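*Asks:* The structure that follows is given in the form of structure tokens.
The values are calculated or read from the model by the stated rules, or taken from the named source; none is laboratory data. Fair warning: this is a prediction, and the values are worked out from it, not measured in the lab. FYI the Cβ positions are ideal-geometry reconstructions off the backbone, even for glycines, and counts take in every protein chain you see.
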Amino acid sequence: MPGFRISQLTDLSSLRQTLTGLLRGSVPSIGLDIGSTSVKGVLLKSAPQGPPLVRFATAPILPGAELPQRAQAVQQVVESLRDGRQVRVVTAVAGPSAVLRSVLLPKMSPQELKGALAFEAEKYIPFKLEEATLDFSIVGDRPEGRMEVLLAAARQELIQSHLALLEAAGVTPYAVDLEALALANAWGKSHPNPGSEGVALIHVGARGTILIFLLGSLLQFTREVSVGGSSFTQVIGESLQLDALQAEAIKCRPETRSAEVQTVLQPLWEKWLTQCRASFDFYEDQSGQRIQRVALSGGSSRLAGFKEWIQEGLGVPMEEWNLLEGFASEVDPAQMEQNRDSLGVAVGLAVRELS
């Protein structure tokens, strides 16, 4: 059973070297994103010439699905990508029981830091140390004899539950990461020369929204907002008296009811925007840096009118993030275009450092 460990790619400029090292190997990598409403997998494998080749697969998780049904969806995705080959499966956890913190500590060696965190980590995580599994990465030196450390922690209960699901699916993961770090890795792959501006990544998934703040190639801060695609579906169902499947369908394809759907979602969008603004304000106040652009991803980011709502509410230039830029595909381009917004976590897991 693998231990929980975060990617060491806090400086995202190293992703090109990492990707090159991965592709030298003969074992393809599967990034496996197990969400609350679907399982998404991306297979990355080397190509003799040109960019790396990717395939993807998805499987739905029906509302209220029990462990056997969720395990079947995981197995379906992995087996369709594995196709009888040896692969490395990298997966991730997220939510309130998984946290990522950038902290400043007195400069010390990695071994000294490991010992210090046994006593200091509880200051930075919202649960008891004995309940958590920890990992860290040293970002670099800072003024006044200090260093910046990226601290990741997850409740052991969350890790065990995640691994139990994988075991039921017959999958042994190579590593377990955090979804926020996977998204940062995917951003680094698609933007190998990021410059020095402040960028916020907003990934609107089913379970919630992940916010990631970067300064150039350095990950600075992350936060999760509990409002996401499932919340949107629930409000539509309650307001329009639809069951979960009907509400999900009309959310994704409102067609002639677009204005009606936006009207019922507006109060929840306001709540979502307030929480996002608070995270922006906190980061900018603490860092002294301004966010100069926003990159949007996640399956629920494509809701009709949502991008425009975010643009107006945050007042920051916004771009739609092409998560598969720089890859060659073995999948029909129309399918890739339809699914690319939801593949960020899986892409980031597939390109992470595997050594």
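*Asks:* For residue 27, work out the one condition from (1) among the β-branched types (Val, Ile, Thr); (2) crowded, with 21+ Cβ neighbours inside 10 Å; (3) more than 22 Å from the chain's Cα centre (by Cα) it doesn't fulfil.
*Replies:* (2)
*Asks:* Look at segment 105-137 and say how many of its residues are among the hydrophobic types (A, V, I, L, M, F, W, C), more than 20 Å from the chain's Cα centre (by Cα) and either outside any strand (DSSP E or B) or loosely packed, with under 13 Cβ neighbours inside 10 Å (or both).
*Replies:* Residues flagged as among the hydrophobic types (A, V, I, L, M, F, W, C), more than 20 Å from the chain's Cα centre (by Cα) and either outside any strand (DSSP E or B) or loosely packed, with under 13 Cβ neighbours inside 10 Å (or both) within segment 105-137 amount to 9.
*Asks:* Considering segment 97-148 alone, what residues qualify as being touching a Phe, Trp or Tyr at 6+ places or on another chain (Cβ under 8 Å) and farther than 30 Å from residue 208 by Cα?
*Replies:* Answer for segment 97-148, where residues must be touching a Phe, Trp or Tyr at 6+ places or on another chain (Cβ under 8 Å) and farther than 30 Å from residue 208 by Cα: 113, 114.
*Asks:* Here is a list: 150, 181, 163. Which entry is at pLDDT 90 or above, within 19 Å of residue 135 (Cβ to Cβ) and of a type outside the set (Gly, Ala, Ser)?
*Replies:* Exactly one of 150, 181, 163 is at pLDDT 90 or above, within 19 Å of residue 135 (Cβ to Cβ) and of a type outside the set (Gly, Ala, Ser), namely 163.
*Asks:* Restricted to segment 203-261, and to residues that are small (Gly, Ala, Ser) and over 20 Å from residue 36 (Cα atoms), which residue is surrounded by the most Cβ atoms within 10 Å (Cβ to Cβ)?
*Replies:* The extreme case among them is 217.
To keep it simple, each residue is scored yes or no on (1) under 19 Å from residue 73 (Cα atoms); (2) out of contact with any helix residue (DSSP H, G or I) (no Cβ under 6 Å at 6 or more places or on another chain); (3) among the aliphatic types (A, V, I, L, M).
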site	(1), (2), (3)
180	no, yes, yes
198	no, yes, no
204	no, no, yes
214	no, yes, yes
217	no, no, no
222	no, no, no
227	no, no, yes
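*Asks:* Working only within segment 290-316, note down all residues that are in contact (Cβ under 8 Å) with a residue 40 or more places away in the chain and surrounded by fewer than 16 Cβ atoms within 10 Å (Cβ to Cβ).
*Replies:* The answer is 290, 292, 293, 305, 313.
*Asks:* Please work out which residue is nearest to residue 165 (Cα to Cα), limiting yourself to segment 51-92 and to residues that are exposed (fewer than 15 other Cβ atoms within 10 Å of the Cβ) and among the hydrophobic types (A, V, I, L, M, F, W, C).
*Replies:* Applying the filter and picking the extreme gives 67.
*Asks:* Give the number of residues within segment 147-203 that are acidic (Asp, Glu) and assigned to a loop (DSSP other than H, G, I, E, B).
*Replies:* 1
*Asks:* Sort out which residues of segment 63-73 are without any contact (Cβ under 8 Å) to a residue 12 or more places away in the chain and assigned to a loop (DSSP other than H, G, I, E, B), and write them in order of number.
*Replies:* Listed by number, the residues that qualify are 64, 65, 66.
*Asks:* Among the numbered conditions (1) within 21 Å of the chain's Cα centre (by Cα); (2) among the small types (Gly, Ala, Ser); (3) over 30 Å from residue 336 (Cα atoms), tell me where residue 140 comes up short.
*Replies:* Failing condition for residue 140: (1).
*Asks:* Next up: Looking at segment 106-125, is at least one residue at pLDDT 85 or above, basic (Lys, Arg) and within 28 Å of residue 43 (Cα to Cα)?
*Replies:* No, segment 106-125 contains no residue that is at pLDDT 85 or above, basic (Lys, Arg) and within 28 Å of residue 43 (Cα to Cα).
*Asks:* Tell me which of these residue 140 doesn't satisfy, since it passes every other one: (1) modelled with pLDDT under 85; (2) of a type outside the set (S, T, N, Q); (3) in a helix (DSSP H, G or I).
*Replies:* All conditions are met except number (3).
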